[in-house]
Amino acid sequence: MQFGLTESQEFLKNSARKFFAGECPSAEMRRLMETETAYDATLWSKLAEQGYTGIIYPEAYGGVGLGKVELMLLMEEAGRALLPGPFFSTAVLAGSVLDAVGTPEHKKKYLESICKGEVRATVAMLEAGASWNPRDIQLSAVNGSLTGEKLFVSDAAVAGFILVVARNGVFVVDSKARGLKITRMSGMDLTRKLYTVEFSNTPAEELGSNLNLPRAFHIATAALAAELVGGMQRTLDLTVEYAKTRKQFGKPIGIFQAVQHQCADMYLETESSRSAVYYAGWALEENSPDAAVAVSIAKMYCSDAARTVGNRGIQIHGGMGFTWENDLHLYYRRAKASETAFGDATFHRERIASLVIDSGGVSAKGA
Amino acid sequence: MDLNLTAEELAFRDELRAWLVTNVPKDWNAWREKPLEESFPYLRAWQRKLQEGRWAAVSWPKEYGGRSATLMQQALFWEEMARVDAPPMANSLGLGLIGPTIIACGTEAQKKRYIPKILSAEEIWCQGFSEPNAGSDLAGLLTEARLDGDHYIVNGQKVWTSYGSLGDWCELVVRTDPNAAKHKGLTVLVVNMKSPGVEVRPLRQMTGESEFSELFFRDVRVPVENILGKVNDGWNVAMSTLMYERGSYGARLHLIFKRFITRLIELSWTIQRNARPAAEDPVIRQKLAQCSAEIEIMRFNQMRAFSRITATGVPGPEGSIQKIFWSELNQRLQQIAQEILGSYGQLLAGDSHAIDKGIWSYAYLRTRGNTIEAGTSEVQRNIIGHFVLGLPRSY
């Protein structure tokens, strides 16, 4: 058993870190978040050149064919850089849904263009009830068209097509389709824009049934948790650096245990989140029987930990932590948005409960 | 990253499993142990049996009676032992901490003299580290050893000594140079507990039992050949022992915790709360799920740590997160148990209404010690702050 990264996994992680540090440093991230969509065509083509847009998809569709652990590593590094724009929506969420639900023809048509970096895409799931439980979906396609509204759709304005989760299946809607109206929602996270998407007798192509949707959502949920790990690591690094250099009472504030122990807790929470995410990636890759529990464990833990790590980081930064110019609040905003996306900690605890308590025992695979 | 067991690991586990099927005692009650003294002959016999199968000290080198097991195999060993509710071994400190220290730092003569009897449980070992005024600040210890010809004369007091009342030998940290800086003047001595001037007093703890003792040393004569390692190098010898303390032993914890939570989930279906089973109460469900998840994360953290140690060769300061994680998790777990059990949670062993023979009230109290023993949570956070994150030393 080896719960460490292989050489090629280390290589991927390190080169991703270098890539994001070079192509999307803090100043660029801030520039993009102030734009209307946070999307940048040049950055996108570089992401595609790296193969990141097709990282987990089959080579037959222009992907790189790497595993879910590799996806976790990439997303962790994207999260560390607070990568703005539709990368998660396109390369993780829409891609996974296409991969899990679509026919080979659909994949050739839609997934391949994602892998090649030719198009942006997203998935529309939530409705007015804002429930992540697929059973609560109201919208239905009737005779190949949709009428209704989806909320909290990430990056819809730059999507070439939108995958719509309806009661009776998953549907593809072209961004230029008739009766489609996309409106900005002003969310806390400035780096990932949210939209309402209204359909009025809008033509929609059926992709497939909802049966395989959970698989795609598990991948997206774990990837979002991985992104949170990167954000936590960045928050921890900034905070430890600050605690070493900021002086009060003639000493670096990191010498005081009230500060130092909070840093230790940030480290514990970040590392534990990372363990949970890597395990979830591995369980998904292996189709392990405990994959669903593992994903919920990761999302539950990271959702809470990212908020707590952010709280501590801002507190330790004191007045500086409360300023706009400090990056911490940008990570904190992302953490809040990602906390609720794909179910918050409370949602996933109930899911764990239904998997673990209702079967009368802890259902984890023994080592 | 590959979490499947390798062929060697599987072979090791399967050999152990097969051995345990025929050898593990069926009459051991893992839920509630009798006082250690009462069960001690039983535990000695169990350890001897394990050693007949060469299973008592799997981490030790083959030449000393072990199996040169990798860290992962050691972790599997503790998991399997927990899985079958195997009794603990009588000489657990000798096997887990002191034996490895003797093998690493001892002379050939010392190894020959002590190692076989540690393995056979013929001689039981205890550890004299903490003192009334040297707990977290271990290097501040005052027990002194004055050289007198070919003997040291030891005077002082130790506290929180596990197996103190049963010990034949003690790994004792003493101050041999009162003028040196506090970490520099320490030496580790091997002390015969039957020596004149050694007095052992049981220490009653908040659970009511006495797992620990106080040791008093009054003009105890210890021959100089009983120095373990070098004179005034005791800090390094003692630290290598503490490293072992934070090693693979924790691997069994997730199975022990899992046993508790599995039982608790079972109970939550029979205990009523607001006119329905506690297991259907949304708040209880949230808490049980949180706890179950954290038990899994503890396991993931451990697996990652084992892989890291296997790669680097040394247990690093990151081990401190394990200690904080399991000890605080155990406290939360027992708190949730108390919530679910309600009024029954307080009942002690022997009460006819007690659930599971009173294990829950005992465990609730016992977990308070978890964040204190083997390095307090505060000390662990200092270790992370300074040695992992590079923050300035706070003390």
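The values are calculated or read from the model by the stated rules, or taken from the named source; none is laboratory data. These figures come from a predicted structure and were not determined experimentally. Here the Cβ positions follow ideal geometry from the backbone for every residue, glycine too, while neighbour counts run over all protein chains shown.
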The one condition B:Val154 fails out of (1) surrounded by fewer than 22 Cβ atoms within 10 Å (Cβ to Cβ); (2) hydrophobic (A, V, I, L, M, F, W, C); (3) more than 22 Å from the chain's Cα centre (by Cα) is (1)
Selection count, segment A:240-290, where residues are under 30 Å from A:Ala216 (Cα atoms) and part of a loop (DSSP other than H, G, I, E, B): 5
Let me spell it out: the conditions are (1) part of a strand (DSSP E or B); (2) crowded, with 16+ Cβ neighbours inside 10 Å, and B:Gly167 meets all of them except one. Which number is the exception? (1)
Residues that are over 18 Å from B:Ala56 (Cβ atoms) and of a type outside the set (A, V, I, L, M, F, W, C), drawn from segment B:5-23: B:Thr6, B:Glu8, B:Glu9, B:Asp14
Wholly within segment A:17-97, helices (runs of 4 or more DSSP H) carrying at least 2 residues that are surrounded by 23 or more Cβ atoms within 10 Å (Cβ to Cβ): A:68-80
Looking at (1) modelled with pLDDT under 95; (2) more than 27 Å from A:Ile255 (Cα to Cα); (3) more than 10 Å from every other protein chain (Cβ to nearest Cβ), which is the one condition that is false for B:Phe306? (3)
Could you say whether any residue in segment B:27-47 is within 14 Å of another protein chain (Cβ to nearest Cβ), touching a residue at least 40 places away in the same chain (Cβ under 8 Å) and either surrounded by 15 or more Cβ atoms within 10 Å (Cβ to Cβ) or within 25 Å of B:Thr262 (Cα to Cα) (or both)? no
Against the definition (more than 8 Å from chain B (Cβ to nearest Cβ), farther than 10 Å from B:Ala289 by Cβ, in a loop (DSSP other than H, G, I, E, B) and modelled with pLDDT of 95 or more), how does A:Gly321 come out, yes or no? no
Take A:Asp304 and decide whether it is within 19 Å of B:Phe325 (Cβ to Cβ) and acidic (Asp, Glu). yes
In the list A:Ser273, A:Ser296, which residue meets the criterion of being at the interface with chain B (Cβ under 8 Å from one of its Cβ atoms) and of a type in the set (S, T, N, Q)? A:Ser296
Out of A:Leu224, A:Leu236, which single residue is under 21 Å from the mean Cα position of the chain (by Cα), of a type outside the set (S, T, N, Q) and more than 12 Å from chain B (Cβ to nearest Cβ)? A:Leu224
Restricting to segment A:171-196, name every residue that is within 20 Å of the chain's Cα centre (by Cα), surrounded by 19 or more Cβ atoms within 10 Å (Cβ to Cβ) and in a strand (DSSP E or B). A:Leu194, A:Tyr195
I'd like to check something: does segment A:295-312 contain any residue that is crowded, with 24+ Cβ neighbours inside 10 Å and either among the basic types (Lys, Arg) or not in a helix (DSSP H, G or I) (or both)? yes
Spot the failing condition for B:Thr107; the list is (1) among the β-branched types (Val, Ile, Thr); (2) over 17 Å from the mean Cα position of the chain (by Cα); (3) crowded, with 16+ Cβ neighbours inside 10 Å, and only one is missed. (3)
For segment B:313-347, which positions are surrounded by fewer than 18 Cβ atoms within 10 Å (Cβ to Cβ), at pLDDT below 95 and either hydrophobic (A, V, I, L, M, F, W, C) or in a helix (DSSP H, G or I) (or both)? B:Val314
In segment B:41-70, which residues are more than 21 Å from B:Val21 (Cβ to Cβ) and not in a loop (DSSP other than H, G, I, E, B)? B:Pro41, B:Arg44, B:Lys62, B:Glu63, B:Tyr64
What are the residues in segment B:170-199 that are assigned to a strand (DSSP E or B), of a type outside the set (Val, Ile, Thr) and within 30 Å of B:Glu38 (Cβ to Cβ), if any? B:Cys170, B:Glu171, B:Leu172, B:Asn192, B:Glu199
Leading residue by the ranking (farthest from the other protein chains (Cβ to nearest Cβ)) among those in segment A:247-270 that are more than 16 Å from A:Glu76 (Cα to Cα) and aromatic (Phe, Trp, Tyr): A:Phe249
A:Tyr242 versus (1) surrounded by fewer than 22 Cβ atoms within 10 Å (Cβ to Cβ); (2) of a type outside the set (Asp, Glu); (3) touching a His at 6+ places or on another chain (Cβ under 6 Å): which is the lone unmet condition? (1)
Breaking point among (1) within 14 Å of another protein chain (Cβ to nearest Cβ); (2) among the charged types (D, E, K, R); (3) under 30 Å from B:Thr262 (Cα atoms), for A:Glu339: (1)
